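Below is one structure; the comments refer to it alone.
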């Protein structure tokens, strides 16, 4: 039981930080558009990465640093493009009907996948760090992984649907200008951090 609790708290400590993925989930939640799909992609991707780390796949990543370099540049480029679209939206904010999205379901799902899988910090935090901690628990490593998985399965729905519950007061153009500006700045900051770490 202690391994599960340790995994739960470790998982929350790594996942709750404001990042590109969380900002995107929150944005879709506020829009009430494709929330279920985005939440599912993020939570299931996290589960796959937790299992990979617990299986020891982190060794593969640490022995092939070129993989992280590819993810670093691709992820930074995608984040900067996403920031550009957020700044562009902030210049011309519009009221929107809840549940509508200017993006297709396919493009939203691809964005969720890109913001998850092109971020090298995901591999460093979830596969390598979480995996190494899990494996320190020996026979109970899967209990630790289970706790970390509960954190992911709790966090993403809470973030997406929690933001959705606040959508009505946040649907004004003036509020969306601020939201898009903040999301754009977060994306730029994370891109810079990726390129300099």
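Since every read-out is calculated from the coordinates, none of them should be taken as a lab result. The structure presented is a predicted model; accordingly, all values stated were derived computationally and were not measured. Glycine gets a Cβ as well: all are built from the backbone with ideal geometry, and neighbour counts include every protein chain shown.
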*Helix-derived [θ] at 222 nm for the chain: sum -39500 (n - 2.57) over DSSP H runs of at least 4, divide by residue count, nearest 500?*
-25000 deg cm²/dmol
*asked:* I need the shape label for the range 83-186. Rule: rounded when a/c is under 1.5, else prolate if a/b > b/c, else oblate, with a, b, c from the alpha carbon gyration tensor.
replied: prolate
*Given the options 14, 67, 170, which has the most mean-square fluctuation in a GNM of the chain, springs set between C-alpha atoms less than 10 angstrom apart?*
67
*Cα-based helix-to-principal-axis angle, 173-196 vs the chain, degrees rounded to 10*: 40
*Consider a paramagnetic label point 7 Å from the Cα of residue 74 along Cα→Cβ; state which residues of the range 119-135 have an amide N under 17 Å from it.*
119-124, 127
*asked:* For the chain, set up a GNM with springs between Cα atoms under 10 Å and report which of 179, 50, 30 has the largest fluctuation.
replied: 179
*asked:* How large is the Kirkwood hydrodynamic radius of the chain, counting all unique pairs of alpha carbons, in Å?
replied: 17.3
*Cα gyration tensor, the range 45-93 - rounded (a/c under 1.5), prolate or oblate*: oblate
*Tensor-based shape of the range 149-197 (alpha-carbon gyration tensor, a/c under 1.5 rounded, otherwise prolate or oblate)*: oblate
*Take the Cα atoms of the range 1-96, build their convex hull, and give its volume per residue in Å³.*
120
*Rounded to the nearest 10 degrees, what's the angle between the helix 141-165 long axis and the longest principal axis of the chain, both from Cα atoms, 0 to 90?*
10
_Helix 105-117 axis, angle to the chain major axis (alpha carbon atoms, nearest 10°)_ = 40
*What spacing in nm lies between the two simple spin-label points modelled at residue 174 and residue 12, each 7 Å away from Cα in the Cβ direction?*
3.6
*Picking from 173, 65, 157, which is most flexible by a Gaussian network model of the chain using Cα springs under 10 Å?*
65
